Each structure stands twice: as structure tokens, then as C-alpha cells.
1. For segment 1-54, what is the Kirkwood hydrodynamic radius in Å, using each pair of distinct C-alpha atoms?
2. Taking H as built 1.01 Å from N, whose amide H comes closer than 5 Å to the amide H of residue 218, not counting residues under 5 places away?
3. Tell me, what is the FRET efficiency for residue 127 and residue 16 to the nearest 0.05, using R0 = 45 angstrom and their Cβ-Cβ distance as r?
4. Among the GluC sites (Glu not before Pro) in segment 83-137, which ones are in a DSSP loop with at most 13 other Cβ atoms within 10 Å of the Cβ? Mind listing them?
5. Could you derive backbone 3J(HN,Hα) for segment 251-257 from the dihedral phi with the Karplus parameters 6.51, -1.76 and 1.60 (θ = phi - 60°), listing whole Hz in sequence and x where the residue is Gly or Pro?
6. Semi-axes, largest first, in whole Å: what does sqrt of 5 times each Cα gyration tensor eigenvalue give for the chain?
7. Looking at the P(r) of segment 153-299, how many percent of alpha-carbon pairs lie beyond 26 Å?
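The numbers here are math on the coordinates, done by the rules we state, and not lab data. Because the structure is predicted, anything quoted here is derived from the model rather than measured. When we count neighbours, we look across all protein chains shown, and the Cβ atoms used for this are built from the backbone with ideal geometry, even at glycine.
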Amino acid sequence: MTSLGLLTVRGRFRDQGIADLAVQLTRPPVTRLFIGQSPEVVVKTVPYLYALCAHAQRAAAQAALAAAADEARRPVDDGELWIEFLHENLWRLLLDWPPALGLAPASAAFAAWREARQGPERVAVTQALLAGVLHEVAGQCGALLDEPAQRPHVVALSLQPEAWLAYWQGCGGELPSPRQPASLGAAYQTRLAEVHMAAAALAHNQPYPIAAAGSSGWGVGQTLTARGVLTHAVHVADGRVRNYRVWSPTDCYFADGGALNALLAGRQFTDQGAAQHGLEQAVLALDPCLPYVVELNNA
């Protein structure tokens, strides 16, 4: 296991399908480091412990701690957050999905955008990438997936900190369920729609989606990441953190094998190699934020 944790997905190839899926998600208990600390120390530490989507992690932490203290959250750099969101999504769309479908990655185009993403021409460079290389790659990938590329997808931003606060305080019976893609094609096309949404938001200086709920020492902060909704929850008493939780999309999607089973339901494969490839595509569609291992045995 690395310092980020490890995801292990195991299954069996049986009767041309994938059966007996088992998911093991192991994470180091890094939030224990926050216990007994002041809120200021937590906000400073979070981006170092969660380097992936660090700006979103910090924004969620700030929102949760402000809500717990009945205070307004600090202003954020919305452009910085949109760029981070675009970076993670474009990485998957240009570098990871094409090879998963037997195509060449658009490495040069992504590298050029990445070099210019913080510069004064970031909006123009982003729009050119979306209209050019990404449009071409998306057409090729969409033709190979199980959903037509031309089908419209609407980005549904669903931040529900009140529901998570109820669960955090012990008032809600179950952890709220995240939105799950209905198919590999739906996962791909939703991600593509989110990139276009983020590019438009960046161009028009729109605020980044952040929401919070809480009071009297209890707080929940939520924000958007390329993988879904990120949630931070905190309990503060006497100026010190007494308890802290982070629920990332990975924690929700891979709490069990339910999301993977839904993506693989009814799929048939010619041999074990094709089934292994199909399982790896399903894991990619859910996009874990930590290293993972996929093991498929022949029943």
C-alpha cells in the first residue's frame, strides 16, 4: 500500500461474464492527524495530505470549518479551481480513455494545454483544445463505447451538505448515495459535458460550486471534483478538532462492488482477456483517486 492507499478489485470470469466481484479499499487514517488541532492548522495541512485536487480539498475543508464556527467561508480563487477541475478531466479524456479503447493518447495536445493553463491565454487555449483535438478524440471514443457520442448529457451539480450533516450528526440513517453512471458511455459523455461546462465557467468567471451546512461546532463542506462530489465533515469543540471525516467519490463508489456490478451487468466477453479489459474500463469509468490493482481469475 502506498501513502495514498490502495484499491484492489477482484473477480472471476465465468459463463462469459464477470462474477464474484470483490472490492477492497484501504486508506491510511490521515484525518487522525487533525484531531486536537486548531481549524487553522487543518486548513494549512489538507492540501499537503491530499495532493490530488488539492485546491478542492482545501475549499471543502474551509467550508466545513467555517460552517462549524457559524462563519462565512473564505473567498476562493474560482479560476484556480476550474483549472484544476479541467486538468483532471482532460487527463482522463485525452490520456487514459483513448488507450483503454485501443486508440493513441493525445499526449502532445494535453502537454501543450497543461503548459499554458496558468497563463493569460488560458481561456483561449482551453477553448481551442476543446474545439479541436478533444472534439476529434471524443468522436472516436464515443463510437467505440456503448452510448452514442451525439446524445446530449446535462451536467447535474448535486451538492447536498444538509443531508450529509444529518448523517454526520447521527440524525440520518444512511450515508447519502452519490450519482452513479448508468454505463461506460454515460460516464464518458458526462465527463465530456463537465469539461465543456467548466470551460464556459472559466471563460465567464463563474463561481466554483461550494456549499456548506452546520453550526454549533458541527460542519460539512462540499465541492465539485473531476470524480464527483467531495465532502469534508468536522466536529469542533473548545477551538480544537474532535473528529474529522473526508468522503471522496472514490470512497463512495468503491465502498463495495455495487457501482462496478451495475456497469458490468449483462455484459458478455469472448474470453478472459476481453473480460479483464472490460473490468479495467469499468474501473476507469469510476476513476479511483489512488493506485489500484485489478485481478480477474478464471472460475
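1. 14.0
2. The answer is 236.
3. 0.55
4. Numbers: sites: 84, 88, 115, 121, 136; in loops: 121.
Answer by residue number: 121.
5. 4, 7, 5, 10, 5, 8, x
6. 33, 26, 16
7. Details: 4124 of 10731 pairs.
In whole percent, the share of Cα-Cα pairs in segment 153-299 beyond 26 Å is 38.
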